[in-house]
Amino acid sequence: MQISIVRLSLVLSSALVPSGLLILYLLETLGRLISPMLGGPYASLELYLLLLSSGASLFLFAVYLVEETVGRLIGLEREFKIVRVRSPHDKPRGFTVGGLYRSISVVIADDAEVERFIALHEEAHARFRHPAKVWTIGSMLFGEVSALSSMYILMGPQTPQYIYIFSSSLIISTLYLLIVIIRILEIQADVYVYRSVGPRSYDLYIKFVKERYGRRYQPLTSRITHTSGDIALLAGDHMAPHAPWEFPLLFSLLGATEMVPVIANYSKEYQSIILFNFLLVIIIYIVISLLSIINEKIILFATRSRITSRSASNLAKFFTGLSISSALPLAYGAFEGIISVLIGSLIYYKFISIFLNNRKNIKLFIIYLEVIIVVLMFQLFRQ
């Protein structure tokens, strides 16, 4: 049985590339209809965000249509399927491909124990619909690029310079977000293996890596999207495997991107906006790192130290960064701030319920809401 990722990619591209060109045309048409209705200092930003969200939604819809068509043609229901290939001449490996509802996991191994390890890992990717999550971030990237292209077609040289800086910064942030999301999903798959096999899962991981790469450690190209696997596979810890700079860098990039249009109101020079944006990344990173020290103590107290200090540190960095990036849109107005806080609150709650896996830790969510409510009230009274 021959399974080629290249061949599969060509089939998907042959369907998605024409769809992407059609989406660009639809976005241009939408922009021509909507742009006369917009006004105010952030009219260009509002148009860009509208085109971005429309492009991302249409791209996801195109993925859905392709998936439904291919699924019906090959008779694959809305489920996941695991294909095991015994090949003594190939190195052990596994991969999962899929859409929003369907996925196929391929496991290639000769050793039974290694095969089970890979199969459980890939089963987690399929069971938790990880391909759908990657497609979602991919749709955001498509929306960002297509929105900028549509803006240039619509406005040409009249497109404000800050839109180019905002778009470029947003694309960089989303690309990094994609890497972080993939690392989160890989850790979730490792924890799934740990809960199925126990601490011995780490021994199977070492055995797999030695057979796959001929040494004990993964190559650098693999470590970019995968953590080392030791903490997740030894203790079933979701958060500890992340690097200490991972979440602060993510939210400092996102936070600085959010402030580009505000900075543009004070400085119209292209170079100054880029410089301020770069400095803001550093400032937000430092603020997150300092405030997370306090939040780490709160998390350890709220969870009664049932999680490791490294896990609490990463959670503190994530929650602090999320709080700051959720509050920054208040600079545009109370309405934008409330919408951003609601989205941040949803992400905050999902992280607590998934990664802490304890309803008693809802007190962390209540603390977050109390702080955000105070900030919102201050902003409303200030206006």
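The values are calculated or read from the model by the stated rules, or taken from the named source; none is laboratory data. Model, not experiment: these values are computed from the prediction. Here the Cβ is made from the backbone with ideal geometry for all residues, glycine too, and neighbour counts use every protein chain on show. When the accessible area is computed, the model is the full protein with side chains, heavy atoms only, and any ligands, DNA or RNA have been set aside. Shrake-Rupley method; radii C 1.70, N 1.55, O 1.52, S 1.80 Å.
Before moving on, here are some points about what is shown:
- Whichever residue in the range 222-250 is among the small types (Gly, Ala, Ser) and modelled with pLDDT under 75 and, among such residues, is most open to solvent (accessible area, probe 1.4 Å): 228
- Residue among 371, 341 that alone is under 22 Å from residue 284 (Cα atoms) and modelled with pLDDT of 75 or more: 341
- Selection from the range 267-276 of residues that are without any contact (Cβ under 8 Å) to a residue 12 or more places away in the chain, surrounded by fewer than 12 Cβ atoms within 10 Å (Cβ to Cβ) and not in a helix (DSSP H, G or I): 269
- Of the set (1) open to solvent by less than 40 Å² (accessible area, probe 1.4 Å); (2) part of a loop (DSSP other than H, G, I, E, B), all apply to residue 313 but (2).
- The conditions of being without any contact (Cβ under 8 Å) to a residue 12 or more places away in the chain and either part of a loop (DSSP other than H, G, I, E, B) or not charged (D, E, K, R) (or both) are met by residue 279.
- Test: residue 53 is within 28 Å of the chain's Cα centre (by Cα) and open to solvent by 30 Å² or more (accessible area, probe 1.4 Å): yes
- Checking each residue in the range 251-266 for being closer than 18 Å to residue 333 by Cα and open to solvent by less than 10 Å² (accessible area, probe 1.4 Å) picks out 255, 256, 257, 260, 261, 264.
- Applying the criterion of being within 19 Å of residue 136 (Cβ to Cβ) and open to solvent by 60 Å² or more (accessible area, probe 1.4 Å) to the residues of the range 59-69, the residue that is modelled with the lowest pLDDT is 65.
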